[in-house]
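**Q** After the structure tokens below, expect a handful of questions from me.
Read the figures in this text as sums done on the coordinates, not as results from a lab. Everything numeric here is computed off the predicted structure, so don't read it as measured data. Here the Cβ positions follow ideal geometry from the backbone for every residue, glycine too, while neighbour counts run over all protein chains shown.
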Amino acid sequence: MKNLTKILFWIAIFTAILYSLMTIVQPSHIKLEMDAIINSIDSTTVVDTIPEQDTTIMDSPIILEDSTVLTVYATMYHPVIGQCDDTPDITADQTKIPNIDSCSHLNWIAVSQDLLWFNDGPIRYGDTVYVEAGHKTGYYVVRDAMNRRFKKKIDFLESVGTEAYRYKKAALHINS
């Protein structure tokens with residue numbers, strides 16, 4: 001009997017709270033106010049919710065003092081069977097190249113296997129490195145590996161049809 005009294009008490013309290021909330025907040029009243037606000041805004045009103053800010057990512061590279069700098073031979077490759085294995089659109093770290101005809105903008109590179117961690121090198125797949133190599137200077141993500149015969153070499157991933165180029169002495173900065 002005592003429990004039944006408590007339950008009825010709490011039901012009565014809960015019902016009273018709900019009733020008072022329903023009388024305070026009338027959905028139709030809110031809708032009318034929102035309609036008035038929306039109608040007061042004409043099509044020429046500009047609502048700027050994004051603060052103006054500097055969109056420059058970085059003016060100069062961030063190279064740590066204890067970074068490793070290697071001099072490497074840099075070339076480029078197209079993701080085609082003649083220059084890759086039988087799955088040229090899949091990189092060594094299993095990332096799929098979205099479009100082989102438009103992939104230069106991805107800023108991905110392949111590195112020779114002597115530079116990779118499993119051969120006691122300083123680089124892992126997914127590492128971001130900074131490369132100084134003429135018109136290709138910039139940040140790159142290591143996604144692919146080259147044939148074992150290459151040493152101290154990197155390859156820039158380029159869209160099919162990009163003209164061949166090479167840099168005999170490129171600087172590869174590896175922040176450790």
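**Q** Might you check whether a residue that is without any contact (Cβ under 8 Å) to a residue 60 or more places away in the chain, assigned to a loop (DSSP other than H, G, I, E, B) and out of contact with any Gly (no Cβ under 6 Å at 6 or more places or on another chain) occurs anywhere in the range 131-142?
**A** Yes, that holds for at least one residue.
**Q** Related question: Any residue at all in the range 111-126 that's more than 22 Å from the chain's Cα centre (by Cα) and hydroxyl-bearing (Ser, Thr, Tyr)?
**A** Scanning the range 111-126 turns up at least one residue that is more than 22 Å from the chain's Cα centre (by Cα) and hydroxyl-bearing (Ser, Thr, Tyr).
**Q** Among the residues that make up the range 114-123, is at least one of them surrounded by 12 or more Cβ atoms within 10 Å (Cβ to Cβ) and touching a residue at least 60 places away in the same chain (Cβ under 8 Å)?
**A** No - not one qualifying residue is present in the range 114-123.
**Q** Given the residues GLY134, GLY138, which is the only one that is surrounded by fewer than 16 Cβ atoms within 10 Å (Cβ to Cβ) and within 20 Å of the chain's Cα centre (by Cα)?
**A** Checking each option against the conditions leaves just GLY138.
**Q** Another question, if that's okay. Does TYR73 satisfy the criteria of being surrounded by fewer than 19 Cβ atoms within 10 Å (Cβ to Cβ), part of a strand (DSSP E or B) and among the aromatic types (Phe, Trp, Tyr)?
**A** yes
**Q** Okay, next question. Only residues that are among the acidic types (Asp, Glu) and either in contact (Cβ under 8 Å) with a residue 12 or more places away in the chain or surrounded by 16 or more Cβ atoms within 10 Å (Cβ to Cβ) (or both): list them for the range 76-96, please. Show your work before the answer.
**A** Keep residues of the range 76-96 that are among the acidic types (Asp, Glu), which gives 85-86, 89, 93.
Answer for the range 76-96, where residues must be among the acidic types (Asp, Glu) and either in contact (Cβ under 8 Å) with a residue 12 or more places away in the chain or surrounded by 16 or more Cβ atoms within 10 Å (Cβ to Cβ) (or both): just ASP93.
**Q** Has the range 150-165 got at least one residue that is under 20 Å from the mean Cα position of the chain (by Cα), on the phi > 0 side of the Ramachandran plot and assigned to a strand (DSSP E or B)?
**A** No, the conditions are met nowhere in the range 150-165.
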